[in-house]
Amino acid sequence: SEAAPENETSCNAAKCDFCHQESCSSHGECFEGKCECGEGHSGTHCESAEWCTGGVVSKTGQCCGGAGAFLDLEGSCCPEGGALDERGGCCALPSSVDACGICGG
């Protein structure tokens, strides 16, 4: 196999495990590849709460607001229109993530 050119970095192509480091927004438990949400919460990552209209709720109970809001791996609000890096952290705005999960890459 050929070595990658010096200005390129290879990405990890390992199979993803949804439950690996998945916090389910601290409002549920990850089991067999999906979040099982607690009462009053819903969404792929249990990020939505009935009382927070149009938004998601952080680990500390803050309503992030906005239809495009989401949480980082630690359960904190990321800015609307943002993105997550390969470690599950919020990228600064304006944000874009390359194929390797690098902010602004």
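If you go through region 48-71 and keep only what is within 14 Å of C90 (Cβ to Cβ) and crowded, with 20+ Cβ neighbours inside 10 Å, you end up with V56, S58, C64, A69, F70, L71. Considering region 18-47 alone, what residues qualify as being open to solvent by 100 Å² or more (accessible area, probe 1.4 Å) and either modelled with pLDDT of 85 or more or over 19 Å from F70 (Cα atoms) (or both)? Selection gives E29, F31, E32, K34, E39. Total residues in region 73-87 satisfying the condition of being open to solvent by 30 Å² or more (accessible area, probe 1.4 Å) and either assigned to a loop (DSSP other than H, G, I, E, B) or in contact (Cβ under 8 Å) with a residue 40 or more places away in the chain (or both): the figure is 9. Residues of region 75-86 that are farther than 16 Å from V97 by Cβ and under 9 Å from the mean Cα position of the chain (by Cα): G75 alone. For region 29-79, a tally of residues being under 15 Å from C19 (Cα atoms) and of a type in the set (K, R) returns 1.
The values are calculated or read from the model by the stated rules, or taken from the named source; none is laboratory data. These numbers come from a predicted model, not from an experiment. When we count neighbours, we look across all protein chains shown, and the Cβ atoms used for this are built from the backbone with ideal geometry, even at glycine. Heavy atoms of the whole protein, side chains included, go into the accessibility calculation; ligands, DNA and RNA do not. Shrake-Rupley method; radii C 1.70, N 1.55, O 1.52, S 1.80 Å.
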